[in-house]
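For reference, the structure discussed in these notes is given below.
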Amino acid sequence: MSAGRDPARTYATDAIAVEWEPKLCIHTENCVRGLPQVFDGSRRPWVLVDAADADAVAATVMTCPTGALHFRRLDGGPQEEPDSETTIEPRPNGPLFVRGKVRILDSDGELIREDTRVALCRCGASKNKPFCDGSHREIRFTTASPGPDEATG
Ligand code: SF4
Ligand code: FES
């Protein structure tokens, strides 16, 4: 397992194991939209891995922007690979989505997480910094430029 990952739940078939870290899930629902028969937050368990083939489950897991979802192939299929380029996508009124070969260090230079995808807080309100925990919605964080009268310099 890569550094810093701490999946609370694992859902598995003989072909694939899906790991979920709730503390990183900010309910973007990419997974639900991509494969609703597998990922359904209104159902328990919310992940039914055997409701689609392992390739489809793996592809959908990779659309999770926060790293809350990961997979391990148990059938010899291709394992998770980071994007070859690193990209940073600022989300409107939300976090920075980072994809690639990501290594996050703390202020002492200690590695706290290695991942292929992370969502980094830019509102300042997360209780799980440097990761977004969805708090930007509660504080109504906005990335809109302030008007000239509101700018603080
Ligand atoms: S795509 Fe990831 S962050 Fe979004 S709801 Fe699914 S597990 Fe949570
Ligand atoms: S950007 Fe999501 S908690 Fe700060």
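The values are calculated or read from the model by the stated rules, or taken from the named source; none is laboratory data. All values reported here derive from a predicted model rather than from experimental measurement. Note: ideal-geometry Cβ built from the backbone for every residue, glycine included; neighbour counts use all protein chains shown. Protein only, heavy atoms only, side chains kept; ligands, DNA and RNA dropped before computing areas. Shrake-Rupley method; radii C 1.70, N 1.55, O 1.52, S 1.80 Å.
Sorted by mean Cβ packing within 10 Å, highest first, what order do the peptides 60-66, 16-22, 108-114 take?
Numbers: 60-66: 21.6, 16-22: 19.1, 108-114: 11.7.
Averaged packing, sorted descending, gives the order 60-66, 16-22, 108-114.
Counting only protein heavy atoms and a 1.4 Å probe, tell me what percentage of the chain's accessible area is made up of carbon and sulfur.
On the way: 4390 of 8840 Å².
On the chain, the fraction of accessible area on carbon and sulfur atoms equals 50 percent.
Any idea of the accessible area per residue across the chain, 1.4 Å probe, to the nearest Å²?
Numbers: 8840 Å² over 153 residues.
Value for the chain: 58 Å² per residue.
Using packing as a proxy for protection, rank 115-123, 99-107 so that the peptide with the highest average count of other Cβ atoms within 10 Å comes first.
On the way: 115-123: 21.1, 99-107: 13.7.
With the highest mean Cβ count within 10 Å placed first, the list reads 115-123, 99-107.
Per the Kirkwood definition applied to all pairs of different Cα atoms, how many angstroms is the hydrodynamic radius of region 1-117? Let's see the in-between values first.
Values: mean 1/r = 0.0673 Å⁻¹.
After inverting the mean inverse Cα-Cα distance, the result is 14.9 Å.
Among 69-76, 87-94, how do they line up by average Cβ neighbours within 10 Å per residue, starting with the highest?
Working: 69-76: 16.4, 87-94: 12.6.
Ranked from most to least packed, the peptides come out as 69-76, 87-94.
Run through region 1-36 and list the trypsin sites (Lys or Arg not before Pro) located in a DSSP loop whose Cβ has at most 15 other Cβ atoms within 10 Å. Spell out each step's value before the answer.
Numbers: sites: R5, R9, K23, R33; in loops: R5.
Within region 1-36, the qualifying trypsin sites (Lys or Arg not before Pro) (loop, at most 15 other Cβ atoms within 10 Å) are R5.
Hey, what did the chain get for relative contact order, percent, Cα under 8 Å, at least 6 apart? Provide the component values of the computation, followed by the final result.
On the way: 279 pairs, mean separation 31.6, N = 153.
Averaging sequence separation for qualifying contacts and normalising by length gives 21 percent for the chain.
Label D53 and R140 with points 7 Å out from Cα along Cα→Cβ: what is the distance between them in nm?
4.9
In whole Hz and in residue order, list the ³J(HN,Hα) couplings for region 103-110 that follow from phi through the Karplus curve 6.51 cos²θ - 1.76 cosθ + 1.60, θ = phi - 60°; x for Gly and Pro.
10, 10, 10, 8, 5, 9, x, 7
Across every pair of different alpha-carbon atoms, what Kirkwood hydrodynamic radius in Å does region 87-138 reach? Each step should come with its number before you reach the end.
Details: mean 1/r = 0.0880 Å⁻¹.
In region 87-138 this quantity evaluates to 11.4 Å.
State to the nearest 20 debye the size of the charge dipole of the chain about its Cα centre, where the only charges are +1 on K and R beta carbons and -1 on D and E beta carbons.
About 400 debye.
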